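Peer 1: So that we are looking at the same thing, I have put the structure below in structure tokens.
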Amino acid sequence: MSISQMKKSLTAKIVQEKIYNLLKQGKRLDGRSPTDMRPINIVTGLVEKADGSALASMGGTKILVGIKAEIGSPYSDRPREGSFTVNAELLPLASISFEPGPPDERGVELARVVDRSIRESKCIDLEKLCLVEGEKAYILFVDVYVLDYDGNYYDPSTIAVLAALATARIPKYEVLDGKVEKTGEYFNLQLQSLPFTTTFGIIKEKFLVDPQLEEESALDVSIIIGMDEKDNVISIQKNSPGLIPENMLEQMIDVASEKCKYTRQKFCEALNVKI
């Protein structure tokens, strides 16, 4: 190990010990309690050329989402359904740890977490996106961009995607004489569920919610838990190696239930929607 690596390792241990000692006192570096989230802010309709867009932030982490609808062929095993695909980019301007080029494994994982939450909760009624069974259907392209990164991009990404979906105006098409043509009208997606995620960090036998950047670098384990409005666990993603005791996982699921309800309330207030 080089001297620089030794210094980096020693610094990480010092930071972790500081965070751990604060957690034992029920405190954190930024003054929050272990289960406090950072403030949530949501703005919609920012991207003029998108069919739906939203900017969501939690603390210093900012996520922009754009949605574009196109007409394509449904999957052969789901001929009566439209589809959606989620892509995520960690823009280099957001953090010195993000590199230019195609999405790396972190971007792929972020897209997977968001996709699973939307898909498993049946948030979108995909059958309503079918125009001609087995032939023509709406395809929604959901693009997630991490604009500023100060830890935990999972939760605000899910918020931004749902905000963009909830406020999207999708161009309406109809089939005339075997041809698919635009009508000049628009329709809304009418979401069936509002699934949100809660990101946890674990240091030794303590856990915290919504880690900011300095905390994130000191974690032993990180896990994201997704829940719908019926309190169902719809997704669990452990994005770092390490063991999680069963009793701790049960505690985190209870906390996730509470935090997802809080996020859902803030979301509905910001967008003036009900679910």
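Peer 1: Would you be able to say whether some residue in the range 164-178 is under 20 Å from Lys62 (Cα atoms), in a loop (DSSP other than H, G, I, E, B) and in contact with a Lys or Arg (Cβ under 9 Å, 6 or more places away or on another chain)?
Peer 2: Here is the first cut: in the range 164-178, the residues under 20 Å from Lys62 (Cα atoms) are 164-168.
Still in the running and in a loop (DSSP other than H, G, I, E, B): 168.
Then keep just the ones that are in contact with a Lys or Arg (Cβ under 9 Å, 6 or more places away or on another chain); that gives none.
Within the range 164-178 (the criterion being under 20 Å from Lys62 (Cα atoms), in a loop (DSSP other than H, G, I, E, B) and in contact with a Lys or Arg (Cβ under 9 Å, 6 or more places away or on another chain)), the answer is no, since none of the residues qualifies.
Peer 1: Also: In the range 158-186, what count of residues is obtained for those that are without any contact (Cβ under 8 Å) to a residue 24 or more places away in the chain and not aromatic (Phe, Trp, Tyr)? Break it down stepwise before answering.
Peer 2: First, the residues of the range 158-186 that are without any contact (Cβ under 8 Å) to a residue 24 or more places away in the chain: 172, 176-179, 181-186.
Now drop any that are not not aromatic (Phe, Trp, Tyr), which leaves 172, 176-179, 181-185.
Selection size over the range 158-186: 10.
Peer 1: Follow-up question, since we're still on this one. Across the range 10-28, which residue is farthest from Val221 (Cα to Cα) among those that are surrounded by 15 or more Cβ atoms within 10 Å (Cβ to Cβ) and in contact with a Lys or Arg (Cβ under 8 Å, 6 or more places away or on another chain)?
Peer 2: Here is the first cut: in the range 10-28, the residues surrounded by 15 or more Cβ atoms within 10 Å (Cβ to Cβ) are 15-16, 19-20, 22-23, 28.
From what's left, in contact with a Lys or Arg (Cβ under 8 Å, 6 or more places away or on another chain): 19-20, 22-23.
Numbers: Ile19: 14, Tyr20: 13, Leu22: 18, Leu23: 15 Å.
Selected residue: Leu22.
Peer 1: Among (1) surrounded by fewer than 24 Cβ atoms within 10 Å (Cβ to Cβ); (2) touching a helix residue (DSSP H, G or I) at 6+ places or on another chain (Cβ under 8 Å); (3) in a strand (DSSP E or B), there is one condition Glu181 misses while meeting the rest; what is its number?
Peer 2: (2)
Peer 1: Continuing with this model, one more query. Restricting the first residue to the range 221-248 and requiring it to be aliphatic (A, V, I, L, M), which pairs with a second residue that is surrounded by fewer than 13 Cβ atoms within 10 Å (Cβ to Cβ) meet a Cβ separation below 9 Å and a spacing of at least six or different chains?
Peer 2: Sorted first by the residue in the range 221-248, then by its partner, the pairs are Val221/Ser240; Val221/Pro241; Val221/Gly242; Val221/Leu243; Ile223/Ser240; Met248/Glu205.
Peer 1: OK, next. Do we find that Ser157 is in a loop (DSSP other than H, G, I, E, B), of a type outside the set (A, V, I, L, M) and either within 22 Å of Ser95 (Cβ to Cβ) or modelled with pLDDT of 95 or more (or both) in this structure? Working first, answer last.
Peer 2: Working: in a loop (DSSP other than H, G, I, E, B): no; of a type outside the set (A, V, I, L, M): yes; either within 22 Å of Ser95 (Cβ to Cβ) or modelled with pLDDT of 95 or more (or both): yes.
No, not satisfied.
Peer 1: A further question follows. Out of all the residues in the range 114-124, which are among the β-branched types (Val, Ile, Thr) and farther than 9 Å from Ala88 by Cβ?
Peer 2: Initially, the range 114-124 is screened for residues among the β-branched types (Val, Ile, Thr), giving 114, 118, 124.
Matches in the range 114-124: Ile118, Ile124.
Peer 1: Anything in the range 115-135 that is farther than 14 Å from Ser193 by Cα, touching a residue at least 60 places away in the same chain (Cβ under 8 Å) and among the aliphatic types (A, V, I, L, M)? List them, or say none.
Peer 2: Passing the criteria: only Leu131.
Peer 1: Considering only the range 43-95, state which residues are among the hydroxyl-bearing types (Ser, Thr, Tyr) and over 13 Å from Ala168 (Cβ atoms).
Peer 2: Kept after step one, since they are among the hydroxyl-bearing types (Ser, Thr, Tyr), are these residues of the range 43-95: 44, 53, 57, 61, 73, 75-76, 83, 85, 95.
Hits for the range 43-95 are Ser57, Thr61, Ser73, Tyr75, Ser76, Ser83, Thr85, Ser95.
Peer 1: Name every residue in the range 178-206 that is touching a Leu at 6+ places or on another chain (Cβ under 8 Å) and hydrophobic (A, V, I, L, M, F, W, C), in order of residue number.
Peer 2: First, pick out the residues of the range 178-206 that are touching a Leu at 6+ places or on another chain (Cβ under 8 Å): 180, 189, 191, 194-196, 200-203, 206.
Correct list: Val180, Leu189, Leu191, Leu194, Phe196, Phe200, Ile202, Ile203.
The values are calculated or read from the model by the stated rules, or taken from the named source; none is laboratory data. No experiment lies behind these values; they were computed from the predicted model shown. Cβ atoms come from the backbone with ideal geometry, glycine included; neighbour counts cover every protein chain shown.
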